[in-house]
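Colleague: Take a look at this one; I'll ask things after.
Readers should treat all values here as calculations from the given coordinates under stated rules, not as data from a laboratory. Remember, predicted model here, so these are calculated numbers, not experimental data. Quick reminder, even Gly has a Cβ in these numbers, built from the backbone with ideal geometry, and neighbours come from all protein chains shown.
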Amino acid sequence: MNKLIGQHMLMGISGHSLTADEKKFIVNNNIGGIVLFGRNVSDPKQVRELCAEIQSLRHQMQDKAPLFIGIDMEGGRVARLKPPFTVWPPLKILGDLDNATVTFHLSNKMGLELNSVGINLDFAPCVDVFTNPKNTVIGDRSISSDPEMVAKHASALVRGYIKSNIISCAKHFPGHGNTVIDSHEDLPVEELDMQRLESIELVPFKRSFKARVDMVMTAHILFKNIDPEWPATLSEKFLKKILREQCRYRGLIITDDLDMKAMAKHYDRKAIPVRALKAGADLLLYCNEPESPPRAIEAITEAVAQGQLQKADLEVSFKRIMDLKKEKIPHPDPMPLEETLKIVGCEDHQRISASLAKGEVPAGLIEA
């Protein structure tokens, strides 16, 4: 059972390398992937070694499948990798410039740097439409307040990641651009109805799906006029009906961090992972609290035993996860260090980033 459950989970780790306990837990529970934060990264050599260490565990695991190694690299203030990695500007600059070729190159070059150290998944692009000027959580992370503009550039960003062999993840479904409350701190409640979501918030998501985005991350937001009972992350209406049926989305659904206070303040911690899987999530994200993944595995195991969750549903989701890994992570190990060092923060990337920071279109970019 653990083989099946663990593959549905991405978890954070404590430092610059894996502890003995972390290695044991990942292997014994067949954990699907790792998410990296600032606490896990220093220079390119260290990040590359950490990714190699993480991927080496697959040889001891039941499926021998590569692990997802994910990170938040959007550009701007959400960027876990610091210099000598290239510092990319916030996505708002892409909307201001409105040049899809530039946008493609930004995610493509960012992706090449991630790929070179062994990171295979970026929790990007952020495709939220910035409709509320008081929304400091999203702010310049959003491309624009115009849904068509966000959609156009979301598509280019996804294509750029695909070209650099990075798994992309559109977030935060069905849209975080109108909220004032930060879901890290509490549960935002929105008044928006379905008609409004269709005309604004969902437009960039649908365009991302057409561009073949691999994952969608759910938002911990309660849309009381659509599902008064459950926030999107825990809502069958949002994940099964709207995302799978109406939007015909076929990729993986990943939750935002399930330890965020929007979840932990309002729902029983053991019930959260069970409810998220029941609602239709494929992957559960646990970023910061080491006791959460073991507790979640225990809760899910109990739920299957009691018939609250169907093993057959987990198997369908498991197959989706394994199929994506097989297709998108054919070469899990990082490239040789000398290759990595030629790519990370290279002159070409620095030049492009510097032009963008000035609000200029970089010279010499070939149309994507």
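Colleague: How long is the gain from LYS358 to LYS241 if the chain were fully straight, where each residue apart is worth 0.36 nm and the alpha carbon distance is subtracted?
Modeller: Using 0.36 nm per residue and subtracting the Cα-Cα distance, I get 37.8 nm.
Colleague: For the chain, what are Rg and Dmax over the alpha carbons, in angstrom?
Modeller: Reported Rg and Dmax, both Å: 19.4, 61.
Colleague: Filter the trypsin sites (Lys or Arg not before Pro) in segment 210-249 down to the DSSP loop ones having no more than 16 other Cβ atoms within 10 Å, then list what survives.
Modeller: ARG212, LYS224, ARG248
Colleague: Place a label point 7 angstrom from the Cα of GLU367 along the Cα-to-Cβ direction, then list the residues of segment 88-104 whose backbone nitrogen is under 19 Å away.
Modeller: 97-104
Colleague: Can you tell me what the convex hull of the Cα atoms of segment 207-286 projects to on average, as an area in nm²?
Modeller: The orientation-averaged projected area of the Cα hull of segment 207-286 comes to 5.0 nm².
Colleague: Can you tell me the order of 115-123, 35-43, 198-206 when each peptide is scored by its average per-residue count of other Cβ atoms within 10 angstrom, highest first?
Modeller: Numbers: 115-123: 24.9, 35-43: 17.3, 198-206: 21.3.
Output ranking for 115-123, 35-43, 198-206: 115-123, 198-206, 35-43.
Colleague: Distance between the C-alpha centers of segment 297-328 and segment 200-243? Whole Å please.
Modeller: Centre-to-centre distance over Cα atoms comes out at 20 Å.
Colleague: Using a simple spin-label model with points 7 Å from Cα along the Cα→Cβ vector, what separation in nm is obtained for GLU289 and VAL180?
Modeller: So the label points at GLU289 and VAL180 sit 2.8 nm apart.
Colleague: Expressed in whole Å with the largest first, what are the equivalent ellipsoid semi-axes of segment 268-368 derived from the C-alpha gyration tensor as the square root of 5 times each eigenvalue?
Modeller: Largest first, segment 268-368 gives 43, 17, 15 Å.
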